[in-house]
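Only one structure is covered here, and it is reproduced in the block below.
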Amino acid sequence: MLYVAIATRAFRRYSTYRAATIAGIFTNSVFGVIYSYAYLALWDENPTAGGYDATDAVTYVWLGQALLMTIALWGGGTTDDLAERIRTGDVAIDLYRPVGLVGWYLASDLGRAAYHFLTRGIGPTVIGLVVFDIRLPAGPAAAAGFAVSLVLAVVVSFTIRFLVASSAFWLLDQSGVKVMSGAFAIFFSGMMLPLVLFPGWLGTLANALPWASYIQVPADIWLGKHTGGDLLAALGFQVFWIVVLLGCCHAVLRAATRKVVVQGG
Amino acid sequence: MSLIDVRDLERTFVVRRKVDGGRRRVRDEVRAVHDLTFAIEPGEMVGYIGPNGAGKSTTIKMLTGILVPTGGHLRVAGLDPSRDRVALARRIGVVFGQRTTLWWDLPLRDSFELLQKMYRIPPARFRANLERFVELLDLRDQLDTPVRQLSLGQRMRGDITAALLHDPEILYLDEPTIGLDVVSKGRLREFLRALNAERGTTLVLTTHDLQDIEALCDRVLVIDHGTAVFDGPLPALQAQGGSTRTLVVDLVDEAPAIEVPGAVVRRVEGPRQWLSFPAEASAAPIVAAVAASYDVADLSIQEPDIEEVIRDLYSRGGV
Ligand SMILES: Nc1ncnc2c1ncn2[C@@H]1O[C@H](COP(=O)(O)OP(=O)(O)OP(=O)(O)O)[C@@H](O)[C@H]1O
Ligand SMILES: [Mg+2]
């Protein structure tokens, strides 16, 4: 199938950057260790902060490090290729191919995510497991739920990155928007601080925004905070954002196509 | 109905321009193509030429459906390109010399395989085509090289292969020989000629290299300022400007413009002067007259060449 072929090519392409992968795993591990000690100090003060115990907190840190590249938290991934093709005008050629751009880049990004999960995801996790006391999924439901949630997290992140890249149709360059979107993602995904620690209305807001799907939702499923109907609701939250954001991607792409094809760029 | 049917085609662009040092913005209309009419039949090889900014690329974009015309009638293989872009994409191939359809980070072979899936090319057909194009275009050693590591000429050959894998009826080439060395150009032309002869592929090619036209095209369409100024066979185009020949005179010393009956000086550069005279007239009396009144070091006669004809056409703005 075409989409499988696209995903495999992307996987293979990323796998050629070996040195970068190893350096990345190292960096993720170092940050994992630093964050772990910081969180341990925090939970030493307040052992039930946000409803997490210290083991939950440290597990959360390593999940965050593992997910960071898999979901391409800072932006980038295969959508950078799209932004580049928009900038150079090559995208006009893509538009006349018998395959949609959203599906094309999504397949490609899933291939990339699979590679980053197997390397930058599992690599640091092994280090974390060896050095710290980390919680494993509560049971098969949590494990399966996490796997599904992880894929959904990649898709949510993809849609936002696709929208960011599409800004290049109007701005010529995505980098300004990308930096801004990356800042939002770091803050509202719970990468810096778990969203469970966000107070009052800020917590409510953060938990309703799409970025919550990036780390908070999959981590809570892993930690067994969502079970039964609650777990389905958590996955439903991610699906909701995918539907909304994919709709936006298609709408933006339609407008962009109009701009290129009707107005002439 | 013709394979490509263009009638009164028009494309204007709206551009916003800053004036008064950026304080005011005005809306301008650029007429990139207008009143363009031509028809192309299956199996033709048509050279589409014109000076920079004449509207060649704009026309090709409309023919492929990636740009919507602002007026006129346009059908390619019976389809409206911009409305049936995807259906048409399966029947045409496009090579933009300045752009690439290949995937930058993937080996050439992977790009081809993705295209096979995308266009649902039957495996046997795909293998046969790939085998043939790789052989003819001498790409075998590059198949496993990532596209970003290919030289310009290799990339171009890769792009041409990519455009042909799905057996298109029409191949559009927008400056396919740009940046290629003489050998590569020659090989590419040979390949395109063979393609047309064997498969009857219709070729529409824009170029600034008139040798491409001489080598490939039975028919030339000249466009200038957005509209066709000549449409016909190459010999007819040559005959157009064939009205004058040029006598190049090298004098011993610099002199003011030579005055002899039957010829006029077109250019003076130091001791060298260019005189033009009617092609059907004999050069002998003019040469004799020049030699009688001036100290001549050397003489030569230039037949009208196509480049000059076209330069002439452009400067006159039409036939
Ligand atoms: N998207 C656009 N917006 C505004 N003007 C445009 C646009 N595309 C082309 N033009 C204008 O239309 C005219 C025709 O351009 P086109 O690219 O078709 O020329 P061309 O014949 O291909 O030239 P070249 O030989 O330099 O490639 C030019 O004046 C160009 O500036
Ligand atoms: Mg052009």
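Read the figures in this text as sums done on the coordinates, not as results from a lab. Because the structure is a prediction, the values reported are computed rather than measured. Using ideal geometry, Cβ is built from the backbone for each residue, glycine included, and neighbour counts are taken over all protein chains shown.
Say each of A:L172 and A:F31 gets a label point 7 Å from the Cα, pointing the same way as Cα to Cβ; how far apart are those two points in nm?
Placing both labels 7 Å beyond Cα along the Cβ direction yields 3.2 nm.
May I ask you to derive the FRET efficiency for B:A292 and B:D209 from their Cβ-Cβ distance with R0 = 41 Å, giving the value to the nearest 0.05?
Values: r = 42 Å, r/R0 = 1.02.
Result of the calculation: an efficiency of 0.45.
What is region B:161-319's relative contact order, in percent, from Cα pairs under 8 angstrom and six or more apart in sequence? Present the calculation step by step, with values, prior to reporting the outcome.
Details: 212 pairs, mean separation 32.8, N = 159.
Rounded, it is 21 percent for region B:161-319.
Using the structure shown, select from B:K61/B:K185; A:K178/B:K61; B:K56/B:K185; B:K61/B:K117; A:K259/B:K185; A:K178/B:K117 the pairs with a Cα to Cα distance greater than 27 angstrom. If you can, show how the numbers build up before the last one.
Details: B:K61/B:K185 24 Å; A:K178/B:K61 31 Å; B:K56/B:K185 21 Å; B:K61/B:K117 24 Å; A:K259/B:K185 36 Å; A:K178/B:K117 32 Å.
Pairs exceeding the cut-off: A:K178/B:K61; A:K259/B:K185; A:K178/B:K117.
Expressed as a rounded percentage, what relative contact order does region B:244-303 have, with Cα pairs under 8 Å and six or more residues apart?
Details: 105 pairs, mean separation 29.2, N = 60.
Once normalised by length, the contact order is 49 percent.
Which of A:G64, A:G75, A:G24 moves the most in a Gaussian network model of chain A with Cα springs under 10 Å?
For chain A, modelled as a Gaussian network with Cα springs under 10 Å, the answer is A:G24.
At a 10 angstrom cut-off on C-beta neighbours, averaged per residue, how do the peptides A:207-220, B:207-220 rank from highest to lowest?
Numbers: A:207-220: 24.1, B:207-220: 18.7.
Result, highest mean first: A:207-220, B:207-220.
Please build a GNM for chain B, connecting alpha carbons under 10 Å apart, and tell me which residue among B:R189, B:R99, B:R75 fluctuates the most.
B:R99
If you plug each phi of region A:24-38 into the Karplus form 6.51 cos²θ - 1.76 cosθ + 1.60 with θ = phi - 60°, what whole-Hz ³J(HN,Hα) values come out, in order, with x for Gly and Pro?
x, 4, 4, 4, 4, 5, 4, 4, x, 5, 4, 4, 4, 5, 4
Roughly how many nanometres apart are two label points built 7 Å out from the Cα toward the Cβ at B:W104 and A:D133?
Taking the simple label geometry, B:W104 and A:D133 are separated by 4.9 nm.
Within 10 Å of each Cβ in peptide A:91-97, how many partner chain Cβ atoms are there on average? Round it to a whole number, please.
Numbers: counts 2, 6, 8, 2, 5, 13, 7.
Taking the mean over all residues of the peptide, I get 6.
Treat region A:1-116 as a sphere of radius equal to its Kirkwood radius over Cα pairs and apply Stokes-Einstein at 10 °C in a medium of 1.306 mPa s; give the translational diffusion coefficient in µm²/s, rounded to a whole number. Could you put the intermediate results ahead of the total?
Numbers: Rh = 16.6 Å.
Translational D for this selection: 96 µm²/s.
Report the FRET efficiency, 1/(1 + (r/R0)^6), for A:C248 and B:V86, where r is their Cβ-Cβ distance and R0 is 30 Å, rounded to 0.05. Please report the intermediate quantities before stating the final value.
Numbers: r = 23 Å, r/R0 = 0.75.
For R0 = 30 Å, the calculated efficiency reads 0.85.
In region B:1-88, which chymotrypsin sites (Phe, Trp or Tyr not before Pro) fall in coil by DSSP and have 13 or fewer other Cβ atoms within 10 Å? Could you put the intermediate results ahead of the total?
Values: sites: B:F13, B:F38, B:Y48; in loops: none.
Listed in order of number, the matching sites amount to none.
So for B:E41, A:E84, B:E113, fewest C-beta neighbours within 10 Å to most, what's the order?
Final ranking by Cβ density, sparse to dense: B:E41, A:E84, B:E113.
Considering every residue in B:99-106, what mean count of other chain Cβ atoms within 10 Å of its Cβ is obtained? It would help to have the intermediate numbers written out before the result.
On the way: counts 7, 4, 5, 0, 6, 5, 8, 4.
Mean partner shielding for this stretch: 5.
So if I take the alpha carbon set of the protein assembly as shown, get Rg, then get Rh from the Kirkwood formula, what is the Rg over Rh ratio? Provide the component values of the computation, followed by the final result.
On the way: Rg = 32.1 Å, Rh = 28.3 Å.
Computed over Cα atoms, the ratio is 1.14.
Mind sorting B:D110, B:D28, B:D167 by how few other Cβ atoms lie within 10 Å of their own Cβ, fewest first? Don't skip to the answer; put the middle values down first.
Numbers: B:D110 21, B:D28 11, B:D167 15.
Placing the least packed residue first, the sequence is B:D28, B:D167, B:D110.
At a Förster distance of 41 Å, what's the computed FRET efficiency of B:R127 paired with B:D181, Cβ-Cβ distance as r, to 0.05? Let's see the in-between values first.
On the way: r = 30 Å, r/R0 = 0.74.
That pair, B:R127 with B:D181, gives E of 0.85.
Across peptide A:54-66, what mean number of C-beta atoms from other chains lies inside 10 Å of a residue's C-beta? Don't jump to the answer; show the numbers that get you there.
Details: counts 0, 0, 0, 0, 0, 0, 0, 0, 0, 0, 0, 0, 0.
Other-chain Cβ atoms within 10 Å of each residue's Cβ, averaged: 0.
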